[in-house]
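The values are calculated or read from the model by the stated rules, or taken from the named source; none is laboratory data. Please read these numbers as outputs of a predicted model, since none were measured by experiment. Because the Cβ atoms are built from the backbone with ideal geometry, glycine has one as well, and the counts that use them run over all protein chains shown. Areas reflect the complete protein model, heavy atoms only, side chains present, ligands, DNA and RNA absent. Shrake-Rupley method; radii C 1.70, N 1.55, O 1.52, S 1.80 Å.
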Amino acid sequence: MPQTALKGTPVVGGIAYGPALWPGERPVYRPADGGAVPEAERDAEAERFAAAAATVAGRLRDRASHSNGVAAEVLSATAGLAEDRGWVGAVKKLIGKGEQAPGATIAATEEFAALFTKLGGLMAERVTDLNDVRDRVVAELLGVPEPGVPVPDTPSILVADDLAPADTAGLDPALVTALVTRLGGPTSHTAIIARQLGIPCVVAVTDLAGVAAGTAVLVDGTTGVVEIEPDQTRARSRVEESRRAALAAAAWTGPGRTADGHPVSVLANVADGTSARAATAHPVEGVGLFRTELAFLDRADEPSVDEQAALYREVIDAFDGRKVVIRTLDAGSDKPLKFVSQEHEPNPAMGVRGNRIASVHPEIRAHQLDAIGRAAETAGVTPWVMAPMIADAREAEEFAAEVRGRGLVAGVMIEIPAAAVLAPAILSKVDFVSIGTNDLTQYTMAADRMSAELAALTDPWQPAVLHLVATVARAGQDLGKPVGVCGEAAADPLLACVLVGMGITSLSSAPVAAAAVGARLAETTSDQCREAAQAALAAADPEAARTAVAAIVL
Ligand code: PEP
Ligand code: MG
């Protein structure tokens, strides 16, 4: 038995075993170390700060130029923060009042971090990046080593309070074989980078501070259990088993079906033509969620029907007649669109977002449906079209009439608990539904999906969430209509077995997750899936659910 087992939120599956590696210390600066800067020296002090910020930005850009994909984007974005005019100006202003450069850097960052936190959503997520830039600039000013992850000489498990994007970007997965953090949620940068690197990742692990550097650690990215000093032989055999599963995933080519041949569509979530074409490199059968709003985040004006039709055509063409589920604009909350003007809302996640926008701007939804209809007609296909954030059967009926009027297949997302509870009534109005487990979990647990502190609650294995999913799946079976899952839950191979056991007919997620999900289903029978679903529904909490399902499926 392991001496200690810590528990966190699993983000990327797989098993890794190795010594714990902590990132370098953050620089320590005591304001009392220096008095006020004499007036005559303030310009020079501001120059010293500007040079330090430029050096830090330059280093990050240099690393970006030697990286690719998400790593390069993250490093460039962090470099951009070090050069942000607002932030640089705020630091210089404080120096102008006599603050030493390191103290001014810390104080100005605090102001910005408070502002970002207040803005919430994606801005709040940038606080970690901003603090990281602060630490790098302060280290540069103090002449101490830049904080960050040292390059280990043996494959290690990176353990940290939280990882700044610039720490995790560009890591070598051969040397850093897993990430474990005390903070961070399933949508944090740490999680995104771990997915990109394909290394196991567990976040929101409390009590990590006691894990000394060099201590042997076994990380299970599927169950979220982190064992400290486990039995070595057992740890090595678990790593071996996970390698075998990874090989099975690499060899899996689809289509999705259980070991006894029950079909389950394994689909991709995409955002535009580029991501759709990239998704075809993975063994997916089509698109289960095309998040159309993501293509228009930077647009000041509503794109014309022609322009929209061309974009939808790109995604349809990438999949060459195969299934494509297009979601109408999910504007609002964490994804505001400039051309969808909205009143200031104190609680935007529960405000006028998703399909609710149509009550204020009916023409925007109508134009979008016209564009989808045009793309479908010219391509000679019939895409499925669904609305986000549907709360009741009346909304579903109203949307379905608009969609069917254009000769398209009509569905809605089930993301609001009310819609899950009344799934039979909603399904009776549409041709299919797709469960958005990210929002369904957020609203069921009343826990912000962006919050690192609430990661244990925003876990789709929460029994209350699973019960709602089961209600929807049952309604689909009763009415003989497809019920998909297109939230992050569909990327978890173990949870995929549970969902299929409940009667879910398709699983759509980040394309990189498809192979592991498909390979796991291919090794699991329908009976095992049903048994797994029963076990998960009977469990008292996410940990018990994962353990019970792992015992049946693995
Ligand atoms: C969801 O809520 O699960 C979903 C798929 O939609 P989004 O993540 O875009 O809100
Ligand atoms: Mg959603």
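A search for C-beta distances below 9 Å between a residue of segment 69-98 that is free of Cβ contacts under 8 Å to residues at least 40 places away in the same chain and over 14 Å from Arg48 (Cα atoms) and any residue that is aromatic (Phe, Trp, Tyr) and in a helix (DSSP H, G or I), counting only pairs 6+ apart in sequence or on different chains, returns Asp84/Phe112; Gly86/Phe112; Ala90/Phe112. Val385 meets each of the listed conditions (1) open to solvent by 40 Å² or more (accessible area, probe 1.4 Å); (2) in contact with a strand residue (DSSP E or B) (Cβ under 9 Å, 6 or more places away or on another chain) apart from (1). Out of Thr154, Thr190, Thr206, one residue alone is part of a helix (DSSP H, G or I), of a type in the set (S, T, N, Q) and not assigned by TED's automatic domain parsing to the domain that holds Pro511. It is Thr190.
Has segment 428-447 got at least one residue that is more than 22 Å from the chain's Cα centre (by Cα), in a helix (DSSP H, G or I) and either in the same structural domain as Thr117 (by TED's automatic domain parsing) or away from ligand 2 (no atom under 16 Å from the Cβ) (or both)? No, there is no match, as no residue in segment 428-447 is more than 22 Å from the chain's Cα centre (by Cα), in a helix (DSSP H, G or I) and either in the same structural domain as Thr117 (by TED's automatic domain parsing) or away from ligand 2 (no atom under 16 Å from the Cβ) (or both). Scanning segment 453-470 for residues that are in contact with a Leu (Cβ under 9 Å, 6 or more places away or on another chain) and open to solvent by 30 Å² or more (accessible area, probe 1.4 Å), we see that the one that is nearest to Pro348 (Cα to Cα) is Glu453. Take the conditions (1) modelled with pLDDT of 95 or more; (2) out of contact with any Asp or Glu (no Cβ under 6 Å at 6 or more places or on another chain); (3) away from ligand 1 (no atom under 16 Å from the Cβ); Ala300 misses just one of them, which is (1).
The conditions of being open to solvent by 30 Å² or more (accessible area, probe 1.4 Å) and not in a helix (DSSP H, G or I) are not met by Leu507.
Within the group Ala281, Ala250, which residue is in contact with a helix residue (DSSP H, G or I) (Cβ under 8 Å, 6 or more places away or on another chain), more than 16 Å from ligand 1 (Cβ to nearest atom) and part of a helix (DSSP H, G or I)?
Numbers: Ala281 fails: part of a helix (DSSP H, G or I).
Every option except Ala250 fails the conditions.
Taken over segment 510-536, the criterion of being more than 19 Å from Pro10 (Cα to Cα) and open to solvent by 40 Å² or more (accessible area, probe 1.4 Å) is satisfied by Ala522, Glu523, Thr525, Asp527, Gln528, Arg530, Glu531, Gln534. Of all residues in segment 48-101, those satisfying the criterion of being within 30 Å of Arg195 (Cα to Cα) and not in a helix (DSSP H, G or I) are His66, Ser67, Asn68, Glu83, Asp84.
Across segment 288-306, the qualifying residues are those that are of a type in the set (D, E, K, R) and in a helix (DSSP H, G or I), and the one among them that is farthest from the chain's Cα centre (by Cα) is Asp306. Reported count of residues in segment 486-504, each being open to solvent by less than 10 Å² (accessible area, probe 1.4 Å), small (Gly, Ala, Ser) and out of contact with any Pro (no Cβ under 6 Å at 6 or more places or on another chain), is 3. A Cβ distance below 7 Å, combined with a sequence gap of six or more or placement on separate chains, defines the contacts here; from segment 371-391, residues that are within 20 Å of Val412 (Cα to Cα) and polar (S, T, N, Q) reach residues that are open to solvent by less than 40 Å² (accessible area, probe 1.4 Å) and assigned to a helix (DSSP H, G or I) in the pairs Thr382/Ala376. Candidates in segment 374-396 are the residues that are within 21 Å of Val485 (Cα to Cα) and part of a helix (DSSP H, G or I); of these, the one that is farthest from ligand 1 (Cβ to nearest atom) is Ala393.
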